[in-house]
1. Among all the aspartates and glutamates, which ones have a C-alpha under 16 Å from K154's C-alpha, if same-chain residues fewer than 8 places away are not counted?
2. Quick check: residue separation of R60 and S12 times 0.36 nm, minus the Cα distance between them. What number comes out in nm?
3. Counting only heavy atoms of the protein chains, get the accessible area per residue of the stretch 47-127 (1.4 Å probe) and round it to a whole Å² value.
4. What longest region of the chain stays clear of trypsin sites (Lys or Arg not before Pro) that DSSP places outside H, G, I, E and B and that have at most 13 other Cβ atoms within 10 Å?
5. Given the rule -39500 (n - 2.57) for each run of at least 4 DSSP H residues, summed and divided by the residues of the chain, what is its mean residue ellipticity at 222 nm, to the nearest 500 deg cm²/dmol?
6. Sorted by mean Cβ packing within 10 Å, highest first, what order do the peptides 179-192, 271-284 take?
7. To two decimal places, what compactness ratio does the stretch 60-195 give when its Cα radius of gyration is scaled by 2.2 N^0.38 Å?
8. Report, please, the projected area of the chain averaged over directions, based on the convex hull of its C-alpha atoms, in nm².
Amino acid sequence: MAFGTPGVGRHSWAMDEAASRPLLKRAVDLGINFFDTANIYSAGTSEEIVGKALSDYLRREDYVIATKLNQRVRPGPNGGGLSRKAIRTEIDLSLRRLKVDYVDLYQIHRWDATTPIEETMEALNDLVRAGKVLYIGASSMYAWQFAQSLAVSKRNGWARFSTMQNHVNLLYREEEREMIPLCVSEGVAVIPWSPLARGRLTRPWGEQTHRSGQDNIGKNLYAPSQDVDRQVVDAVHAVAARRKVSAATVALSWVANRPGITAPIIGATSIAQLEELVAAPDFQLSPQECEMLESPYAPHPVQGYE
């Protein structure tokens, strides 16, 4: 989401191609081979930047590209959603921007209440059968909706969701109640977005950045007035100081090593951030440190399904 033409679409803080390419090159050099984007990110320019860079740096068989559709990308009745027409249109546009002839993982970017799930799942199955998509995935929704999607696929012999990209971090753990147990039971890989809570876990409480000051979605996801959230952030920084690592390392390590989690999706915007985060999954927190990080948590309103 950090890559794209600044001022195009909803992300004024996006990094243009010149700024993005060194970060993508370093990611490749560090061994990262899974890249996640979406058609909505900076009005498609994220897909263009990522696709061009990866085609220059790697052979197609050596990287996994994931993208998404659903959220509105243009005016008109077919400019968003998960109808058969929208799915057929958006996959071809994404393939063109990404400079590939197939997408490894094609994800629905939230639930579409206006389209029958049977229509969506059949259209996604058609893409798999046509070879345009290898696997399909979903993103934040209610567990009953995801269960319904899996049941529709099973009943009809269609391709089923292989992944769930949901909202999981130390400040938001509501997915532990229903969604993650469902994914574990069904053998679905969990690939959380915002594992660092849009950076709130990595900096002292209340500190702002250029992005956080303009990130209206983040402002809705994380209410700065919640005292329990501040206690969690303080605990992250206390553990980081004691272990002499960054707060980002502590926060990402916690997510990456939680039961059911496969691969948290990070949004680094500098090479220094990237290098620090790559090592986080191998950093081990003690049971006592996990208790220190988890104990302040209190139930939160459901967020991130919009």
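The values are calculated or read from the model by the stated rules, or taken from the named source; none is laboratory data. Here the structure is a predicted model, which means the values were calculated and not measured. In this analysis, Cβ positions are derived from the backbone assuming ideal geometry, glycine residues included, and neighbour counts consider all displayed protein chains. Surface accessibility is based on the protein's heavy atoms, side chains included, excluding ligands, DNA and RNA. Shrake-Rupley method; radii C 1.70, N 1.55, O 1.52, S 1.80 Å.
1. Within the straight-line limit of under 16 Å, K154 reaches these aspartates and glutamates: E118, E119, E122, D126, E186.
2. In short, 14.2 nm is gained.
3. Normalised by residue count, the accessible surface of the stretch 47-127 is 43 Å².
4. Answer from the scan: 73-176.
5. -13000 deg cm²/dmol
6. 179-192, 271-284
7. Output field value: 1.02.
8. Answer in nm², one decimal: 15.1.
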